[in-house]
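First up is the structure itself, then whatever we jot down about it.
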Amino acid sequence: MSDCCAPAKFVPPPSPSPAGVLKTVVLIGPPNCGKSTLFNRLTGLRQKIANYPGVTVEQRMGLMAGVGRDDLTLIDLPGIYSLDPYSEDARVSINVLRGKMPGTPKPDAVLLVLDSLHLTRQLMLAAPVLAVGLPTLVLLNMSDLMEARGGKIDSLKLARELGAPVAQISAAEGTGLDAIPLFLNKQTKRSAAKPLALPVMGNAESAHIWAQQVSRKTGYRAPLSAESTHKIDNVLLHRFWGPLLFLLVVLGVFEVVFSIGQPLSEIFGDFLTGLGELARPLLPTGWVQSLVLDGVWKGISSVLVFMPQILLLFLFIGILEDSGYLSRAALIADRVMRAIGLNGKAFIPLLSAYACAVPAIMATRTIENKRDRLATILVTPFMTCSARLPVYMMLIAAFIPNTYYLHGLLGLRTIVMLGLYVAGLLAALATAWLLKSSILKSSETPFILELPQYRMPTLRSLALRVVDRAHIFLRNAGKIIVGVTLALWVLAHMPVVQLPGGAYASPQLADSLIGRLGHFIEPAIAPLGFNWKIGIGLVSSVLAREVMVSTMGTLDAADPATRSLGLETALQHDLSLGGALALMIFFAFAMQCTSTMAMVKRETNSWKWPAIQFLYMLAIAYGAAFAVNHIVMAIVG
Amino acid sequence: MSVLSELKVGESGILVALDLRESVQNHLMHMGFVPDALVTVLRRAPAGDPTVYGVDGMEIALRHETAAAIRMRPPEDIAIQSSVNAGVTEPPEAVQ
């Protein structure tokens, strides 16, 4: 254990600070210094953390239960370099700190988190934050790493220089944190304002000179930067190997998702079916059994089956984000991004959209230029999110043969999947180019990207991500999918018909309400190679893409022609090869996600943009599906 | 007198001034690009641009046109350089 966690290192405040009884404490600091890790420690919550600047883009609140002070609210804020807002996320932090954020309580105390590996630069933020006048505890994070790498700081002297208490901590290891409750317990009585001997900083240059003086006076010795980061970058940012490895990483992820995820998913599917059969004798025969097992359970389990693949994908994205590779990917991609008129920084939200577009759209807050930000928001839903995965998996398993090329290294299914990902990416880039060369033209904003040092992703944080995702997946399955499946089942069994004998029975599927609705929209989608059941799936999947899968499960169970078949064989009954490929392309391009549309509305403050986005993406999806269906028909005959 | 974009990989220089818009200048200064800072060219991105610079123990990537607006002078000019940047170690990268 390093000595940073010994209570002796904690420097008591020189004088009691002005405050009433504490209610709200705010965490502030430069980007990527570990605020969210500390927030999670202090509250016991699970705020997303990763190794790149700009992970947190809005304020989060939690009770400080982790240190036994659940009477206190802690606010986690996006990282800032200075108190001049230059992007949307920084504006949030500054407003909250100054108590000018509507709906967020005024802070009574500040925990200023600084990364001790780069203390000189980080100190530039200390002066303006201390000048706000709130009681402040300065936390030097990652002090274990700093000492391990030969760095040094006299925290007593630093406390004297700053006129504020200083503690050395490691948020990741959880050491030194006892300084925080100690500090907070002291802030109970209102007292005279403390004198602050800090210079008023007019500009960045004087702030830097001051920070250098302070760091020299306190004997700060910066640690050696980790050699490993240079060595890893020599390979990962190599002129030739860098881009090649980037491609290999992407290919490898898909191959693993298939080759490990598929068998896992089959085992899980058998388990779910078995569970349903186990419940069968417990349910009264007739419509109850039909509703619960053939309706709801079949619908839910057809989506749940894909959980192993989705969780594997999240695990890989987590490794990329936590290790620090994401910033390197943005660096490699900057050339392409600039050719289409976007900033290389836009690549980070686009990459995280492979998991889900909703957080990705929030992540665009780090893009300083407003027009660049809007363009990025508008193209993000084209990126292949994990909700498309079940639809692709279902169709690929049913229609694409499991053949391998290159001595078993590359599967045809992987190639088709990759093609769909590339199609989405190209649509995003082309649309961005279109927007940036027309309505969203702007002068170029400089690309300033910080490359964090590589860190080994911790098992704990990876496990938390996967568990959280499983949670969200199950909750969605519980809410949206159960609701949609119930509605579908009811519509498929209405209106009830009277048999000649006087008994009542469900109608033929084609005569049911859902059948009539399906046949009503069928002419519009027939040119794409879709039948009416697919049409119902398209309508219900506007709520969320994975609903497509549960809808097909429910409808095929209700249809006598496909009832006895598995989902894959049933699909072969519904679709030709052309129609199946057209359906995949349709899903690659169409905006079928109400959560994304709600988020776009929130971030652009108008329904105009989500509406335009929905229609634009629908038009492209329709056109592309039409073309694919006809081309395949012409080839296959 | 030269500009940052003219330095080769592995070379270092002392920052003289930033000829950039004030907001950009401020942002860069908060990231360590202040007058008298020692800046080292660490590597170029695979496509040749942007370039990664080492400053104040951090690695920051800038595009060519931004680096072209940062005026530099050779490091030999100033003796206090080593003390100003005491402890900030940026091992010069070998040219690839």
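The values are calculated or read from the model by the stated rules, or taken from the named source; none is laboratory data. These numbers were taken from a predicted model, which means no experiment stands behind them. So basically every Cβ, Gly included, is an ideal-geometry build from the backbone, and we count neighbours across all protein chains shown.
Looking at the range A:234-243, which of the residues that are touching a residue at least 40 places away in the same chain (Cβ under 8 Å) and facing chain B (nearest Cβ under 7 Å) is nearest to B:GLY57 (Cα to Cα)? So the residue we want is A:LEU237.
Comparison of A:GLY566, A:GLY553, A:GLY579 shows that the only residue that is of a type in the set (Gly, Ala, Ser) and in contact with a Phe, Trp or Tyr (Cβ under 8 Å, 6 or more places away or on another chain) is A:GLY579. The condition of being within 30 Å of A:GLU450 (Cα to Cα), at pLDDT 80 or above and surrounded by fewer than 17 Cβ atoms within 10 Å (Cβ to Cβ) holds for only one of A:GLY79, A:GLY99, that being A:GLY99. Name the single residue, out of those in the range A:34-44 being in contact with a helix residue (DSSP H, G or I) (Cβ under 7 Å, 6 or more places away or on another chain) and not polar (S, T, N, Q), that is modelled with the lowest pLDDT. Top of the filtered list is A:GLY44. Restricting B:SER12, B:SER23, B:SER5 to residues that are over 14 Å from the mean Cα position of the chain (by Cα) and either hydroxyl-bearing (Ser, Thr, Tyr) or at pLDDT 90 or above (or both) narrows the list to B:SER23.
The single condition among (1) touching a Ser or Thr at 6+ places or on another chain (Cβ under 8 Å); (2) within 21 Å of A:PHE306 (Cα to Cα) that A:ALA346 does not meet is (2).
Could you go through the range A:114-126 and let me know if any residue there is under 28 Å from A:ALA226 (Cβ atoms) and part of a strand (DSSP E or B). There is at least one residue in the range A:114-126 that is under 28 Å from A:ALA226 (Cβ atoms) and part of a strand (DSSP E or B). Within the range B:55-79, restricting attention to residues that are touching an Asp or Glu at 6+ places or on another chain (Cβ under 7 Å) and more than 8 Å from chain A (Cβ to nearest Cβ), the residue that is surrounded by the fewest Cβ atoms within 10 Å (Cβ to Cβ) is B:HIS64. On the stretch given as the range A:502-548, residues that are closer than 30 Å to A:CYS356 by Cα, small (Gly, Ala, Ser) and surrounded by fewer than 19 Cβ atoms within 10 Å (Cβ to Cβ) total 1.
Give the range B:3-28 a look and list any residue that's loosely packed, with under 14 Cβ neighbours inside 10 Å and assigned to a strand (DSSP E or B), or say none. Hit for the range B:3-28 is B:ALA17, nothing else.
Picking from residues in the range A:392-410 that are of a type in the set (A, V, I, L, M, F, W, C) and either part of a loop (DSSP other than H, G, I, E, B) or modelled with pLDDT under 85 (or both), the one that is nearest to A:GLY553 (Cα to Cα) is A:ILE400.
Taking the range B:39-52 as the range and being facing chain A (nearest Cβ under 10 Å) and part of a strand (DSSP E or B) as the test, the residues that pass are B:LEU42, B:ARG43, B:ARG44, B:THR51, B:VAL52.
To keep it simple, each residue is scored yes or no on (1) within 21 Å of A:GLY79 (Cβ to Cβ); (2) of a type in the set (Val, Ile, Thr); (3) in contact (Cβ under 8 Å) with a residue 60 or more places away in the chain.
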position: A:ALA131; (1), (2), (3): yes, no, yes
position: A:VAL138; (1), (2), (3): yes, yes, no
position: A:SER143; (1), (2), (3): yes, no, yes
position: A:GLU147; (1), (2), (3): no, no, yes
position: A:LEU162; (1), (2), (3): yes, no, no
position: A:ILE169; (1), (2), (3): yes, yes, yes
position: A:GLY176; (1), (2), (3): yes, no, yes
position: A:LYS186; (1), (2), (3): no, no, yes
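Of the residues screened, A:VAL11 is not one that is at pLDDT 75 or above, crowded, with 21+ Cβ neighbours inside 10 Å and out of contact with any Gly (no Cβ under 8 Å at 6 or more places or on another chain).
Which of the residues spanning the range A:434-455 are touching a residue at least 60 places away in the same chain (Cβ under 8 Å) and farther than 25 Å from B:ALA69 by Cα? If the condition is that a residue be touching a residue at least 60 places away in the same chain (Cβ under 8 Å) and farther than 25 Å from B:ALA69 by Cα, then A:LEU435, A:SER437, A:LEU440, A:GLN453, A:TYR454, A:ARG455 are the ones that fit. Residues in the range A:345-365 that are crowded, with 24+ Cβ neighbours inside 10 Å and farther than 26 Å from A:MET417 by Cβ were compared, and the one that is farthest from the other protein chains (Cβ to nearest Cβ) is A:THR364. Residues in the range B:29-38 that are more than 8 Å from every other protein chain (Cβ to nearest Cβ) and either of a type in the set (Asp, Glu) or touching a Lys or Arg at 6+ places or on another chain (Cβ under 8 Å) (or both): B:ASP36 only.
Mind telling me which of the residues A:ALA355, A:ALA375 ends up being outside any helix (DSSP H, G or I) and either within 20 Å of the chain's Cα centre (by Cα) or over 30 Å from A:ALA90 (Cβ atoms) (or both)? Going through A:ALA355, A:ALA375 in turn, the sole match is A:ALA355. Filtering the range A:208-233 down to residues that are more than 8 Å from chain B (Cβ to nearest Cβ) and charged (D, E, K, R), which residue is farthest from B:MET29 (Cα to Cα)? Looking at residues that are more than 8 Å from chain B (Cβ to nearest Cβ) and charged (D, E, K, R), I get A:LYS231. Just checking, how many residues over the range A:86-113 are part of a loop (DSSP other than H, G, I, E, B), of a type outside the set (Lys, Arg) and either more than 24 Å from B:HIS30 (Cα to Cα) or over 24 Å from the mean Cα position of the chain (by Cα) (or both)? Residues in the range A:86-113 being part of a loop (DSSP other than H, G, I, E, B), of a type outside the set (Lys, Arg) and either more than 24 Å from B:HIS30 (Cα to Cα) or over 24 Å from the mean Cα position of the chain (by Cα) (or both): 8 in total.
The helices (runs of 4 or more DSSP H) found entirely in the range A:549-632 that carry 3 or more residues being among the small types (Gly, Ala, Ser), crowded, with 23+ Cβ neighbours inside 10 Å and under 32 Å from the mean Cα position of the chain (by Cα) are A:577-589.
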